[in-house]
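Undergrad: First, the structure itself, so that you have it in front of you.
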Amino acid sequence: MAKRKSRLGARRRKSTRGPIGAPPGTLSAHPDAQPSRASVIAYGPEDILERVAEKPSRAKKDMSARAVGWLDVVGLADVELVRAVGETFELHPLALEDVVSPHQRAKVEEYEKRTFVVLRMPSFHEDGSLDLEQVSLFFGDNFVLTFQEREGDCFEPVRNRIRQGRGRIRSRGPDYLAYALMDAVVDAYFPLIERYGDRLEQLEDRVLEDPEESLVSEIHAVKRDLTAVRRAVWPLREAVGILLREERELVSEETRVFLRDVYDHTIQLVELVESQRDIAS
């Protein structure tokens, strides 16, 4: 029973806060942080460049030569790489501290013509346990930066749209790319919610047909995961709402139209999660 509970429940994290009394903006890698790598996609309406980013300064040069550049850092073990990206793109030290401290709730903050967004991206580990990975996103005049905890994300459809020049993305600015990435994260929750809905239906059938004491722990595991999803989705709705409501120089009116759609999806997610938690109860 204990093994099943551990497998179904959301994976718990160790403390990720920095040393007590450390100065604000101190960067310290989490003990479980994965090795770091960086890649860049720079594009305009007519062309695209995609390569491994060995140095942030070189990546910025590639990005500056085109309309929009996206630098993606995966793995947060290399604190010096994170610091170098921060210095190259003039990111605030407090925002960088949040990047390497993956316990943040979804939020939006403004730093000197750089908008900082924290999201939690859902996925499942190989053992079936739920993971809500932190994704940190910055966007400015002509760039988007993303920091992910580990390999594997929901952004490949966005990359393919850029590579193939499909839709609006190659003719729009960095705010539209930021929207597309946020939209991908929000959309990733719907299959997860459907999975828990199917699981609850199976448990309901088993409760009616052959009730066993072991079902209690399984139901509690599902409810615990749904509670974790709820904690991720509620502030996500608030963060998207802030981008939508507040006047921001970096977000065009055209992009706000699309952000409204993302906001509607976050409301749907909240309602679905609440409904499934009620069923589990």
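The values are calculated or read from the model by the stated rules, or taken from the named source; none is laboratory data. A quick note: this is a predicted structure, and the numbers were derived from the prediction, not measured. Note: ideal-geometry Cβ built from the backbone for every residue, glycine included; neighbour counts use all protein chains shown. Keep in mind that these areas ignore ligands, DNA and RNA; they rest on the heavy atoms of the full protein, side chains included. Shrake-Rupley method; radii C 1.70, N 1.55, O 1.52, S 1.80 Å.
Undergrad: Can you pull the accessible area of residue 61 for me, 1.4 Å probe, Å² to the nearest 10?
TA: Residue 61 exposes around 150 Å² with every protein chain in place.
Undergrad: Springs between alpha-carbon atoms under 10 Å, Gaussian network over the chain: tell me which of 257, 118, 270 tops the mean-square fluctuations.
TA: 257
Undergrad: Please identify, among 56, 35, 102, the residue showing maximal mean-square fluctuation in a Gaussian network model of the chain using a 10 angstrom Cα cutoff.
TA: 35
Undergrad: Is the stretch 39-127 best put as rounded, prolate or oblate by its Cα gyration tensor, with a ≥ b ≥ c the root eigenvalues, rounded for a/c under 1.5, and otherwise prolate when a/b is larger than b/c, oblate when not?
TA: prolate
Undergrad: Once every DSSP H run of n ≥ 4 in the chain is given -39500 (n - 2.57) and the sum is divided by its residues, what mean residue ellipticity at 222 nm do you get, rounded to the nearest 500 deg cm²/dmol?
TA: -16500 deg cm²/dmol
Undergrad: Carbon-plus-sulfur fraction of the accessible area of the stretch 157-215, 1.4 Å probe, in percent?
TA: Of the solvent-accessible surface of the stretch 157-215, carbon and sulfur hold 43 percent.
Undergrad: Could you calculate, for the stretch 50-89, the ratio of the Cα radius of gyration to the Kirkwood radius, expressed as Rg to Rh?
TA: 0.95
Undergrad: Related question: Among 65, 158, 207, pick out the residue whose Cα is farthest towards the positive end of the charge dipole of the chain, where Lys and Arg carry +1 and Asp and Glu carry -1 on C-beta, about the Cα centre.
TA: Result: 65.
Undergrad: Just to be sure I understand the model, the point goes 7 Å from the Cα along the line to the Cβ. What's the resulting residue 103 to residue 227 distance in nm?
TA: Rounded to a tenth, the inter-label distance reads 1.8 nm.
Undergrad: About its Cα centre, how strong a charge dipole does the stretch 39-124 have in debye, to the nearest 20, once Lys and Arg get +1 and Asp and Glu get -1 at the Cβ?
TA: 80
Undergrad: Still on this model: Run the numbers for residue 48 and residue 123: contour at 0.36 nm per residue of separation, minus the present Cα-Cα distance, in nm.
TA: So the chain would gain 24.1 nm between residue 48 and residue 123.
Undergrad: How big is the stretch 123-259 by Rg and Dmax over its Cα atoms, in Å?
TA: 18.9, 60
Undergrad: Pick from 86, 167, 197: which residue has the top mean-square fluctuation in a GNM of the chain where Cα pairs under 10 Å get a spring?
TA: Of 86, 167, 197, the most mobile in the Gaussian network model is 167.
Undergrad: Taking the Cα centre as origin and putting +1 on Lys and Arg beta-carbons and -1 on Asp and Glu beta-carbons, what dipole magnitude results for the chain, to the nearest 20 debye?
TA: Working: 43 positive and 50 negative charges, 130 e Å.
It comes to approximately 620 debye.
Undergrad: Further question on the same structure: Between the stretch 48-104 and the stretch 233-270, what is the separation of their alpha carbon centroids in Å?
TA: Distance between centres, Cα-based: 24 Å.
Undergrad: Quick one: accessible area per residue over the stretch 226-281, 1.4 Å probe, rounded to a whole number of Å²?
TA: On the way: 2850 Å² over 56 residues.
With the other protein chains kept in place, the stretch 226-281 gives 51 Å² per residue.
Undergrad: Scan (i) 21.7; (ii) 20.9; (iii) 20.0 for the value of Kirkwood radius over Cα pairs in Å calculated from this model and give just the label.
TA: (iii)
Undergrad: How big is the accessible area of residue 124 in square angstrom, nearest 10, if you roll a 1.4 angstrom probe over the protein chains?
TA: Only protein atoms counted, so the area is about 60 Å².
Undergrad: Magnitude of the Cβ-charge dipole of the stretch 55-212, K/R +1 and D/E -1, about the Cα centre, nearest 20 debye?
TA: For this selection, approximately 1440 debye.
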